[in-house]
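Below: the structure, in structure tokens.
The values are calculated or read from the model by the stated rules, or taken from the named source; none is laboratory data. Model, not experiment: these values are computed from the prediction. FYI the Cβ positions are ideal-geometry reconstructions off the backbone, even for glycines, and counts take in every protein chain you see.
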Amino acid sequence: MAILKFEDEWHVEPFQWTYQTGIWDSDFYREMIDSLPDLKDYRQYNERYKNRYLYPARDGIWKIVEDSFRGLFGDNIRVQLCRDLPGYSIGPHTDGKKETMTLLYYLPRNANHPEAGTSVYEPLDPDFRCDGTKHHVFGLFRKLWTAEYVPNSMFGFIRSDNSFHGVEPSVIVRDLIQVSVWR
């Protein structure tokens, strides 16, 4: 039985991105939600992003999840189970050049905060590009769209010098799986 679905439906403006729902088998999704670790089992990502935590273990259901992604994309990936606490924010950026694609699989328990997803941005300066080495202030960009943070959904994009995305200050706890596909 396939537990993970990935459709090849992409938008092309202002860069290649996709938003999909119904990604996981519904019973498997519920099992993932019920298996989310306690915050004490996560570790802080870094000092710059004090409100982002990563779960370091690759056991139980999380091993099955990682193996599902490896089956789709091969071994050149990084799979991270993330928990963002209220106040987490990351300015518009494009990700590093060694990444070819980023996929964010949202894991909320309900659809009460669709606005808490990742947003797509366009620079106010139409010629502005970024090599992925810096996160920028929101004031230099126009928000075009926000991926709804709802159960069993995914936002993904192909990395480019204009694949600007970010997260405005969160007021909730956000659980998600971040998959980075490398060159």
**Scope region 37-60; condition surrounded by 11 or more Cβ atoms within 10 Å (Cβ to Cβ), part of a helix (DSSP H, G or I) and either at pLDDT 95 or above or among the polar types (S, T, N, Q) (or both); matching residues** = L39, D41
**Request:** Would you point out which residue out of V65, V79 is closer than 16 Å to L104 by Cβ, in contact with an Asp or Glu (Cβ under 6 Å, 6 or more places away or on another chain) and in contact (Cβ under 8 Å) with a residue 60 or more places away in the chain?
**Result:** V79
**Fill in**
Output for Cβ contacts, cut-off 6 Å, separation at least six or different chains, first residue without any contact (Cβ under 8 Å) to a residue 60 or more places away in the chain and within 10 Å of R83 (Cα to Cα) in region 32-51, second hydroxyl-bearing (S, T, Y) and outside any loop (DSSP other than H, G, I, E, B), reads P37/Y55; Y42/Y53; Y42/Y55; Q44/Y53
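Under the condition of being without any contact (Cβ under 8 Å) to a residue 40 or more places away in the chain and either part of a strand (DSSP E or B) or within 12 Å of the chain's Cα centre (by Cα) (or both), which residue from region 139-165 is farthest from P114 (Cα to Cα)?
Of all residues in region 139-165, those without any contact (Cβ under 8 Å) to a residue 40 or more places away in the chain come to 139, 142-143, 145-146.
Retained after the next criterion (residues that are either part of a strand (DSSP E or B) or within 12 Å of the chain's Cα centre (by Cα) (or both)): 142-143, 145-146.
Numbers: R142: 19, K143: 15, W145: 12, T146: 9 Å.
Ranking the qualifying residues of region 139-165, first place goes to R142.
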**Prompt:** Do the conditions hold for L107, that is, is it under 14 Å from the mean Cα position of the chain (by Cα) and either basic (K, R) or farther than 19 Å from R159 by Cα (or both)?
**Reply:** yes
**Request:** Identify, from the list P86, P92, P108, the residue that is crowded, with 17+ Cβ neighbours inside 10 Å, in a loop (DSSP other than H, G, I, E, B) and at pLDDT 95 or above.
**Result:** P108
